[in-house]
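Below is one structure; the comments refer to it alone.
Any read-out appearing in this document is the output of simple, stated calculations on the displayed coordinates, not a laboratory observation. Source: prediction; values computed, not measured. So basically every Cβ, Gly included, is an ideal-geometry build from the backbone, and we count neighbours across all protein chains shown.
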Amino acid sequence: MLIVFIGAKQSRQFYETNTGFRLNWDFERLRVGMPATTRRTVDLSKYPNLVVIYLGMRVNALTGIKTLFGFGPRISNAVAAKPDGLLCHEQIYYSLFPVHVGMRQYWRDFQSLETWSRSEPHKIWWRNFLRDSGGTGFWHETYFLGGGFEAIYDDVPAPLGLSQFAPVIQAQGSMFSARRRLKVEGEPGLPAPVPEESTSSTQP
């Protein structure tokens, strides 16, 4: 063990001397035989109503590339405005072919997420998308710390996420909105961007 420790230390010194980069090796852990991995977790006690939502946009046709690139700056601007309740926003790249990108967001509670999704500019994007998806497919899956999942897939040609194993049904009636799918009590603070009767699709 001592020989390995000395050899590793010399290798580190040689690398740093010749490259100018420093290696963050914990030699004390190596010397005493402790695991080099640092394990941490999080205390979510201050976020009892935490909501995590994954969203994705998939290019289904060449016209979808233009739609996707036009959508990106709008999302960036919306996040930069720091909507109430948004705790964290991260970009995700699902695949290059077909082009499929998205994001992961953490919200303080469902009410904050719902209010944002039904406010401008989000409600305008959603209304326009349901009229013409512009060669793309859009989906989201929402997970709740307190229990419960919900999802929607619009113009998504291939199963993904929950739809790969759970039965897929029409997003109508009791499955029309996220609030109904989750069976959240009460009424939303704002109306849906598009009334249910005007479309066979669904709202976020």
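Report the label-to-label distance for residue 76 and residue 47 in nanometres (one decimal), using points 7 Å from each Cα along the Cα→Cβ vector.
2.5
Using DSSP to call loops (not H, G, I, E or B), can you name the chymotrypsin sites (Phe, Trp or Tyr not before Pro) in segment 127-198 whose Cβ has at most 13 other Cβ atoms within 10 angstrom?
Details: sites: 129, 138, 139, 143, 144, 149, 153, 165, 176; in loops: 165, 176.
Filter output for segment 127-198: 165.
Just the number, please: Stokes-Einstein D of segment 118-191 in µm²/s, Kirkwood Rh from C-alpha pairs, 4 °C, 1.567 mPa s.
Estimated via Stokes-Einstein, D reaches 93 µm²/s.
Report the gain in length on full extension from residue 172 to residue 91: 0.36 nm times residue separation, minus Cα-Cα distance, nm rounded to one decimal.
Between residue 172 and residue 91, full extension yields 26.2 nm more.
Starting from 0 in steps of 5 Å, tell me what percent of the Cα-Cα pairs of segment 49-202 lands in each bin.
Going from the shortest bin to the longest, the percentages are 2, 8, 18, 24, 23, 17, 7, 1, 0.
Test of understanding: extend the Cα→C-beta vector of residue 63 to 7 Å, then name every residue of segment 74-107 with backbone N under 20 Å from that spot.
98-101
Would you please give the FRET efficiency between residue 149 and residue 40, computed as 1/(1 + (r/R0)^6) with r the Cβ-Cβ distance and R0 = 30 Å, to the nearest 0.05?
Result of the calculation: an efficiency of 0.70.
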